[in-house]
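Q: Please read through the structure below; I'll follow up with questions.
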Amino acid sequence: MTALLWLIVCVALVLGLAYWYTRLMAGQGRFGPGAGGLEVRGQLPLGREQRVVLVQAGERWLLLGATASQITLLAELTPEEAAQWQKGPPAQKDAPSFGEAFLNLMKQKKERR
């Protein structure tokens, strides 16, 4: 019975130390967002396992192509170019609803006759 109690205490101690260590390292910026001065600022999925990623590494901005098997540097951007890329495409007019699009199509079809 004593051996089982010591086993439970040891397992709890190991789990507690592991939790404490990960919290300590996260507080120092070694894990998680911004680790080592790296931060993903935006990404655009291109396919199932393909994407373009904008990464800020200190003062440098990198445009990377990422697949399941590799990461490729596509370009190094200036801060101004990176800001433009983060904004995304200019705002577009809202698309018509299905009903409006259908009515417009029917009107165009009647005008052709």
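Q: Using label points projected 7 Å from each Cα along Cα→Cβ, tell me how many nm separate T72 and Q108, to one decimal.
A: According to this spin-label approximation, the distance is 3.8 nm.
Q: Still on this structure, please answer the following. Can you give the extra length, in nm with one decimal, that the chain gains between E49 and V11 once fully stretched, where that is 0.36 nm per residue apart less the Cα-Cα distance? Walk me through the numbers on the way to the answer.
A: On the way: separation 38, 0.36 × 38 = 13.68 nm, distance 3.87 nm.
In short, 9.8 nm is gained.
Q: Under 5 Å between amide hydrogens, which residues at least 5 positions from G42 or on another chain qualify, with H placed 1.01 Å from N in the peptide plane?
A: Result for G42 returns L54.
Q: Still on this structure: Using a simple spin-label model with points 7 Å from Cα along the Cα→Cβ vector, what separation in nm is obtained for A83 and T2?
A: 7.1 nm
Q: Also: Grab the beta carbon distance between L38 and A18, set R0 = 22 Å, and tell me the FRET efficiency rounded to 0.05.
A: 0.35
Q: Add +1 for every Lys or Arg and -1 for every Asp or Glu among the other residues with Cβ under 11 Å from the Cβ of W61, and state the total. It would help to have the intermediate numbers written out before the result.
A: Details: positive: R41, R60; negative: E39, E59, E76, E80, E81.
Net charge around W61: -3.
FYI, it's all coordinate maths here, none of it is from the lab. Just so it is clear, the structure is predicted and the values come from calculations on it, not from any experiment. Virtual Cβ from ideal backbone geometry, glycine too; neighbours counted across all protein chains shown.
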